[in-house]
Structures are given as C-alpha cells and as structure tokens.
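Take a look at the structure below.
Bear in mind these aren't lab numbers, they're just calculated from the coordinates by the rules spelled out. These numbers come from a predicted model, not from an experiment. Backbone-built Cβ (ideal geometry, glycine too); neighbour counts: all protein chains shown.
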Amino acid sequence: MRADLRRAALVVVLTFLLGVLAGGCGGSSAQPIRIGVISDCEGPFASRYEGIIGAAELPMIERGAKLRGGPSDGVEGVSIAGRPVEVLPGCERWGDRWTLVAQLRRLVEREGANIVIGPPFTGDGIAVREYAKRQPGVTFLLTSPEQSATLKQTAPNVFRFSVDATQMSAGLGSYAYRTLGWRRVITVGEDDPSGWPIVAGFVAEFCSLGGKVAQRIWADTDPAVLSRIARKIAPRHADGVYFAANDVQPSRPFVTALGRGRPDLARSLVGGASMLYDNLDPQMLGVVAVSPTPLAPTPAWTRFTNELATRFPQADAPSYLVFADYDAMKAILTALGSVGGDVSHGERRLMAALSRLELNGSVGLIRLDSRRQAVGPVFLGTVARDRSGRLVVRELRVVPSVEQSFGGYFSPATPAPSRTHPICSRGRAPAWARRPAAPTK
C-alpha cells in the first residue's frame, strides 16, 4: 500500500513538473518583445511628445496594430513570429541627463525592455551609448544626431538609421565652392553642442576643396542678436555666408537683416532647411539650403507624411525629431522579422541582422557602416516660383550615400565638433563633393 502511495505521489509530482516546464516553454514563446521609446516631454519640444511617440508607433500601425488611446498609451494587436510586441513610452526632460538615465534604467532594468529607441536631444547620444555598454544584451537605436555617439568609442549594441548632425549639411559646401564660386565664407551657427556639428560638416566639405573660413560666428536663439550679427557682416569680408539654421534658431530675423546689405542673397547665402520655410518671400528666390528630408515627393516620403498627418496631426514630419523615430522602429521591426523575433542569447542574431540591414526608410535607402551609423541621402533645395508665380521650395539635388567621416575628415581620433573644430584644411574631399550631385528629375 505504501509503495502504491509513493508511486502515486511520484506521478503527481512528475505531472506537476512537466506542466510547469511545458507552461514555461509555452510562456517563453509568447513572451512579449518590449520596445522602449524615449522622448522629451518636459522641455522646449514637449508639445511634440505625443507626435514623436506616434511616429515611432506608425510602423506597427502599418502592420495592423491599434492605438490603446493616445500614442503614449501604447499599441496592441501586433506580433512577430507569434510574439506580441509592446511599446513602453519613456519621458525625459530635454537636456537633463539624469532624467534620461532614470528612464533608461526604468525601461531596461525594471520593465524588461529588449530594445530602446531615442531620445532626440543631441547630447543624449553619448549618454545612451555609455549606458548601452553596461547592458550588452539590449539593443539601442539612437535618434540623437550626436556625431560622437557612433564615431568614437563605439558600442556594438548601438545603431543609428538616420544621418548625424554633421552629415545633415552634406552637399552644401561643394555647392558654395563649385557653383557659387566662393573661396572665403563666414559661418553663423548656434553656440552649443547642437549647433557646432551642423557647421562642422559645411566647414569640412568647403575647406577640403580649398575654401577658407574667414570667421566663425556663434550666437544664441535671440532674434535681436541674430539681426545685429547679420547687419555687421560686410560683403567685403567674405564671398558668402553659411547660416546653419535649425529647428531652434529662428532664421527670419537673420535673413531679413542680411538681405538689406546683400540684395542678391542667392549668390551670397546658403544654409539649413528651416531657412527656406521660414522665409518664403521674394528676397529668398534662388537661395539654396540643405535638408535631411526630401524636398520633392517620393513614394516613401509621401506615404510616411500622409499617414503621419492622418493619424498624428500634431507631429511635424520634416523634423528630425519625428522621421528618425519612424525609421528606427521600421528598422527594428524588419530585423526582428528576419530572425523570427529571436531576442535570446544577448540578442546576437538581432544585432547581426540590424548590421546587415538595408532599409527603405522614409527618406530613402539607408545602410549602416562598420560603426553601425547610417549612410544615406540628404537633399538640396531652393526657393523658386511655380507656374502660377507662387513661391515654393523646389528640390534641387539629391546627395546620395552621405557617410559619417566626410572622406576621412572626421575619424575616431579627430576632436569632436566645437567652436574651433574642425580646423579648415584642404584634403581629400568626400565622394559627393568630388563630383556633382545628381539633379532631381
């Protein structure tokens, strides 16, 4: 009798253990893949928070996911290889590294994020890279345009599927040198780590061809200060002015004041894309600027902007803060699909798939270099008149395959962009500057 009882008890125990193991295996296969998305919800771009999170969720919605409420409430109804995919929104304070680290730790260490996307602030790129080194089994996709985050002291689990801030100015230095015939230039940029690299790309390209920088002027975002700077720039000091207009620094006060002393701005001014949209008036006719987003319709860009406007009208599609998140999420979902949702063994298969991925992103074809940094297009545009005489922005040229080093001008050993770096020196020009960029058809 006792033997029978022992055998019965053993059967019960074995049955229980088999059930636990089977349940564990089944549960493991259905464990959600968690993707954290961090953006600014307390700083100057806080009003864009929902739109940025929405842009990151859009690739999931394109796969059939449904919003639970607002974008920051997450999505439901999307899976990869039978595993549900969850979005874990993260909120940081713009420019506050402590809030960023707190969000990284919450998402990764407490909520079990397998992947983290963001955030957009330039200085945050290095903080994410350094945290990623302590979490080698988690995949990080940067949306910060900080150059050094992928150029220097790289981490094998950090990827970026959008051009950095320096790459954003590609093509403009060679346009100024070859088409406008400039040999001496004055640069004007925002005096902080967000503004320095945008000027650095122009300087690297222009100087590699033989151009000289007569003066580097740094300013804040005060419109009165920018107007005063523009009025003091005399035509005799240089052939032209490069104004690194970005989302933060207003361009209209500067351009208006500069135009009073230089009536033909098309021959004496180039700059960033926001300069075009902020100043659609006759004095800007023919002025050329550079943009990280297409300035003419393409199937991918049109589909992205239309979907974004329909679902998240609060989002600003041309902003780097938005399309970089969309392309990062699209890249991670594509890579996850190629490995069957496998995030085991330190996510090695996923990271290898990301490294090899060529992404048909919102702005065009993106591939990664050996440091897992995007090589992709940027776009030159100009102010023109359409057939009815209205002022419009017309895409002038596409600069393809812009890589991070600018033909070797930037490297892991060179100083990071600053008020004085890079130095202006002639050398091997980047590939796109050695030949004319392809005109838009």
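A few comments on the model shown:
- Taking the chain and dividing mean pair separation by its residue count, relative contact order in percent (alpha carbons under 8 Å, at least six apart): 17 percent
- Max mean-square fluctuation residue, GNM over the chain, Cα-Cα springs under 10 Å, options ASN360, ASN114, ASN246: ASN360
- For the chain, the Rg and Dmax computed from alpha carbons only, in angstrom: 24.8, 110
- Net length available on complete extension from THR302 to GLU358 is 18.2 nm, with 0.36 nm assigned per residue and the Cα-Cα distance removed.
- Label-point separation, ALA384 to ASP96 (7 Å along Cα→Cβ), nm: 4.7 nm
- Too-long pairs where the Cα-Cα distance tops 31 Å, listed order kept, from LYS133/LYS330; LYS152/LYS232; LYS133/LYS212; LYS66/LYS133: LYS152/LYS232; LYS133/LYS212; LYS66/LYS133
- Nearest 10 degrees, 0 to 90: helix 299-311 Cα axis against the chain principal axis: 70 degrees
- The stretch 89-139: mean projected area of Cα convex hull, nm²: 3.1 nm²
- Taking amide H positions as modeled 1.01 Å from N, with prolines and chain starts lacking one, the residues under 5 Å from GLY36 and 5 or more places away or on another chain are LEU88, ASN114, ILE115, VAL116, ILE117.
- FRET E, pair ARG184, GLU130, Förster distance 41 Å, beta-carbon r, rounded to 0.05: 0.55
- Under 5 Å, built H, 5+ apart or other chain: amide partners of GLY376: SER401, VAL402
- The modelled label-to-label distance for the pair ARG419/GLU109, using points 7 Å beyond Cα in the direction of Cβ, is 3.6 nm.
- Separation of alpha-carbon centers, the stretch 288-366 and the stretch 371-441, rounded to whole Å: 20 Å
- Nearest 10 degrees, 0 to 90: helix 49-61 Cα axis against the chain principal axis: 60 degrees
- Treating r as the C-beta distance of ARG228 and ASP369 and R0 as 41 Å, the FRET efficiency rounds to 0.50.
- Charge dipole magnitude, Cβ of K and R +1, D and E -1 - the stretch 201-262, Cα centre, debye nearest 20: 380 debye
- Rounded to the nearest 20 debye, dipole of the stretch 70-162 from Cβ charges on Lys, Arg, Asp, Glu: 380 debye
- Convex hull of the stretch 308-441 built on C-alpha atoms - directionally averaged projected area, nm²: 12.8 nm²
- With a simple spin-label model that places each label point 7 Å from the Cα along the Cα-to-Cβ direction, the separation between ALA431 and GLN31 comes to 4.1 nm.
- Under the Karplus curve 6.51 cos²θ - 1.76 cosθ + 1.60, θ = phi - 60°, whole-Hz ³J(HN,Hα) for the stretch 161-173, x wherever Gly or Pro sits: 9, 9, 5, 7, 5, 6, 4, 4, 9, 4, x, 7, x
- For the stretch 386-437, average projected area of the Cα convex hull in nm²: 5.9 nm²
- Taken over the C-alpha atoms, the stretch 55-137 has Rg and Dmax values of 13.8, 38 angstrom.
- Kirkwood Rh in Å, taken over the stretch 142-210 so that all alpha-carbon pairs contribute: 13.1 Å
- Among ALA413, ALA102, ALA149, the residue with the largest mean-square fluctuation in a Gaussian network model of the chain, with springs joining Cα atoms closer than 10 Å, is ALA413.
- Positive dipole terminus of the stretch 139-277, leading residue within PHE159, VAL255, MET275 (C-beta point charges): VAL255
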